[in-house]
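Reading through the structure tokens given below for one structure.
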Amino acid sequence: MKLADSHCHLIYKGLGEQQPEVLARARDAGVVAMLNISTRENEWNQVIAVAEREADVWASVGIHPHEADTHPHVDTAKLVERARHPRVVGIGESGLDYYYDHSDRDRQRASFRAHLAAARETQLPIIVHTRDAEEDTAEILREEMGKGAFPGVIHCFTASRAFGEIALELGFYISISGIVTFKNARDLQETAAALPLDRLLIETDAPFLAPVPHRGKTGEPAFVADTCRFLAQLRGEDPEALAEATRVNFHTLFSKTTA
């Protein structure tokens, strides 16, 4: 299998200390593309440095909704400027998280809109985090899309099927994480089984959310192969074919990876 891990955090604790070994295990598992995601401004240089060093790793620049309160200075212009780097292929992750509410909701919404404007200006995909905020996320995406189209992905999808349909209508891709392998993820499994193949991505969100049979361990990009096999069985598809389709989708969405 040749796989793409569309969302991981290679500099985070659990992966950063053993990055060469983590990357080697990923490659041994068939992972040929990884997107190293940033969540704070002070991570941008680090994630870009990994992408400069490793030919199969790319970077994003963004502010996670948890960090919105501490990053009021990160506006559209700053995101656009950093996104000019040849190894930066996406904007985010950004979005809304009303589950933890680590940042003020108005501040989250303002930050999200700044990221969406950057995606519109650069035409780089927005990487959307949404948790317990479907209604506001959908409303903002529709409003901002009305100002001019931009590509994007709903990362680590756990939302309702109705929200998934809205995302697909807006032209978004949907990325499935190891959560789909969990026993209590029946609703997600039903949604994932029905998603159109040409809009599907797979991710690990490593070092988080290790899939079965690795639950309780530190997640890493190699585990995207386990999620792929589970998802293929769920959908009645060949794992090799699903791996190839999601890899092609990754490069289609993050088109700067093929430059």
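Selection over the stretch 73-84 of residues that are over 19 Å from the mean Cα position of the chain (by Cα) and open to solvent by less than 50 Å² (accessible area, probe 1.4 Å) gives a count of 2. Filtered by the rule that a residue be open to solvent by 40 Å² or more (accessible area, probe 1.4 Å) and over 23 Å from Lys183 (Cβ atoms), the stretch 216-250 gives Asp238, Glu240, Ala241, Glu244, Arg247, Val248.
Among the residues of the stretch 15-34, which ones are farther than 21 Å from Thr258 by Cβ, outside any helix (DSSP H, G or I) and open to solvent by 20 Å² or more (accessible area, probe 1.4 Å)? Ala29, the sole residue that qualifies. Go through the residues of the stretch 183-199 one by one and say whether even a single one is open to solvent by less than 20 Å² (accessible area, probe 1.4 Å), closer than 21 Å to Gly236 by Cβ and touching a residue at least 60 places away in the same chain (Cβ under 8 Å). No, the conditions are met nowhere in the stretch 183-199. Applying the set (1) touching a strand residue (DSSP E or B) at 6+ places or on another chain (Cβ under 6 Å); (2) of a type in the set (Val, Ile, Thr); (3) surrounded by fewer than 17 Cβ atoms within 10 Å (Cβ to Cβ) to Thr257 leaves exactly one unmet item: (3). Can you confirm whether the stretch 101-109 contains a residue that is in a loop (DSSP other than H, G, I, E, B), modelled with pLDDT of 95 or more, among the basic types (Lys, Arg) and in contact with a helix residue (DSSP H, G or I) (Cβ under 6 Å, 6 or more places away or on another chain)? Among the residues of the stretch 101-109, not one is in a loop (DSSP other than H, G, I, E, B), modelled with pLDDT of 95 or more, among the basic types (Lys, Arg) and in contact with a helix residue (DSSP H, G or I) (Cβ under 6 Å, 6 or more places away or on another chain), which makes the answer no. Answer yes if at least one residue in the stretch 196-216 is at pLDDT 95 or above, of a type in the set (Val, Ile, Thr) and part of a helix (DSSP H, G or I), and no otherwise. No, that holds for no residue. Residue count for the stretch 55-88 satisfying the condition of being of a type in the set (Asp, Glu) and assigned to a helix (DSSP H, G or I): 3. Given Thr70, Thr76, which one is touching a residue at least 40 places away in the same chain (Cβ under 8 Å) and of a type in the set (S, T, N, Q)? Every option except Thr76 fails the conditions.
Could you say whether any residue in the stretch 37-54 is aromatic (Phe, Trp, Tyr), at pLDDT 95 or above and assigned to a helix (DSSP H, G or I)? Yes, because at least one residue in the stretch 37-54 is aromatic (Phe, Trp, Tyr), at pLDDT 95 or above and assigned to a helix (DSSP H, G or I).
The values are calculated or read from the model by the stated rules, or taken from the named source; none is laboratory data. Bear in mind the structure is a predicted one, so any value in this text is a computation, not a measurement. Cβ sites come from the backbone with ideal geometry, for glycine too, and all protein chains shown count toward neighbours. Note: accessible area is taken over every heavy atom of the protein model, side chains too, but ligands, DNA and RNA are not part of it. Shrake-Rupley method; radii C 1.70, N 1.55, O 1.52, S 1.80 Å.
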